[in-house]
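As structure tokens, the structure follows; a few thoughts come after it.
Any read-out appearing in this document is the output of simple, stated calculations on the displayed coordinates, not a laboratory observation. Owing to the predicted nature of the structure, the values given are computational and were not obtained by experimental measurement. Note: ideal-geometry Cβ built from the backbone for every residue, glycine included; neighbour counts use all protein chains shown.
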Amino acid sequence: MPPASVTFLGGVREIGGNKVLVEDGPDRILFDFGPAFSAELEQFYVNFLQPRSTSPVKDLLEFDLLPRVPGLYSRAALAESDLPYEAPRVHAVFLSHAHVDHAGYLHLIDPEIPVYLGRGTRTLLDAMAVSTHRNFGEHDFRTFEDRRPIRVGNLEVVPFPVDHSIPFAYGYLVRTSAGTLVYTGDFRHHGPRAADTHAFLSAAAEARPIGLITEGTRAGPDPRRNLSEAGVRAGVDRLLVDLDRPAFACTYPRDVDRLRTLYAAARAADRTLVVPYRAAHLLAALAPELGDDVPVPGRTEGIAVYGRRKKVYYKWEQPFLEEAVPAAEIREHGRRYLLAIDLGHFPELIDLRPPSGSPFVHSMSEPFSEDDVDDRVLHRWLDHFGLAFHQMHASGHASGPELLEIVRSVAPRTVFPIHTEHPEFFRSGDRPVTLPERGRTVALEAPTSRRR
Ligand SMILES: [Zn+2]
């Protein structure tokens, strides 16, 4: 029987792009499959310059931006490429969460291969597919229950919910014939679901894992200011006290925790939170999964949709149009509103004409963001309208010192740092580190009885 092994096909010395293949005898499963936020990818594909939809795998393989894995890609995605189609040789894909750097290449995968994911994650992917036209492909989606083991051949995978900057994020324990592997996905423990992360990490420690495959987004030098979610709330509260004008905030479109934080702060200050159509659609779609305390425009007091005018409205935008708040209302009664504005919608400021000195809360990470507007461009707009910039963000990721503390408490036989530009940072911890190399397979050995 070939030994159990792990191969890092992506996420090596880069943020995002996780593609982790775990093999045990004949059984092969993959964790996540997305593009990295890497300089390498951006050397060839950036903004609107993207692979052709008729030959995506060919166009990515040209620059070695995808792994050459036989029996993984769909026949359609492989069109025109020199990698021949083969029936599936990967038996399952497990998705940690719905961020694009983990799920964004799902549409390339053979639809015959089952994709396991949380029920809420599935809802999120569906909502994103509708409101962003992002294509995740047709798949045999299999939603799982938290902490209920899933068997794939000899492998057993246990999904644990974790706290991250998007709801329905998971880490996994993977039981192989050589012992248990831990795959963290992306996580933090300073958000509203910190208890989930703690429960996952204690289960991980109890399993006495042979390997901890951990994200390390914030490993190494991290000059970015970071707050907890409660810290963001306190900061926004302070800004809104006795404020006689409108306030603005920009967030990641799928950071539901942040939208809830802004909503709570707006309510406490007797304001209405006004959100873009896309956020409204997302909140409405997720409400059944997330429960009663999710504010939904049209249903919940104190939240409304901003009436951005367009020539043509999508079908999913139409339910929000009737009660949408027009620019003129916010211009006249700015004191009543906290407006969550997308960076791409800044021309609205030309109609909103906020009084000089109105606060603008940048509630996203500092140097890079998912929908990147150049920092200089952002500040030019703010200066033009005299808006006061405030940076207030709670990262989706654990800090460097927290990561080392987690490694110490989980005490794996070895650490595999991925989703980081600074994997060697983990060498300052107290466990052995195996630095992943892209495409190299690492055999997993069962621990000897002398361990511990
Ligand atoms: Zn993420």
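Points to keep in mind about this one:
- Put a dot 7 Å past the Cα of residue 154, heading toward its Cβ, do the same for residue 63, and the two dots end up 4.0 nm apart.
- For GluC sites (Glu not before Pro), the sites in segment 34-119 that DSSP calls loop and that have at most 16 other Cβ atoms within 10 Å are 62, 80, 86, 112.
- Taking N as the residue count of the chain, its C-alpha radius of gyration divided by 2.2 N^0.38 Å amounts to 1.01.
- Dipole of the chain [Lys/Arg +1, Asp/Glu -1 at C-beta], most positive-end residue of 403, 118, 99: 403
- DSSP bridge pairs, the chain: antiparallel proportion in percent, nearest 5: 45
- Net charge dipole size for the chain [Lys, Arg +1 and Asp, Glu -1 on Cβ; Debye, nearest 20]: 540
- The lysines within cross-link reach of residue 19, meaning a Cα-to-Cα straight distance under 25 Å and a gap of 8 or more places when in the same chain, are 58.
- Qualifying chymotrypsin sites (Phe, Trp or Tyr not before Pro) in segment 4-81, where qualification requires a DSSP coil assignment and no more than 12 other C-beta atoms within 10 Å, comprise 48.
- Percentage relative contact order, the chain, counting C-alpha pairs under 8 Å, at least six apart: 19
- At 0.692 mPa s and 37 °C, Stokes D of segment 229-391 from Kirkwood alpha-carbon radius, µm² per second: 206
- Rounded, prolate or oblate (a/c below 1.5 giving rounded, otherwise prolate when a/b exceeds b/c) for segment 396-452 by Cα gyration tensor: oblate
- Theoretical ellipticity at 222 nm over the chain - DSSP helices of four or more residues, -39500 (n - 2.57) apiece, nearest 500: -7500 deg cm²/dmol
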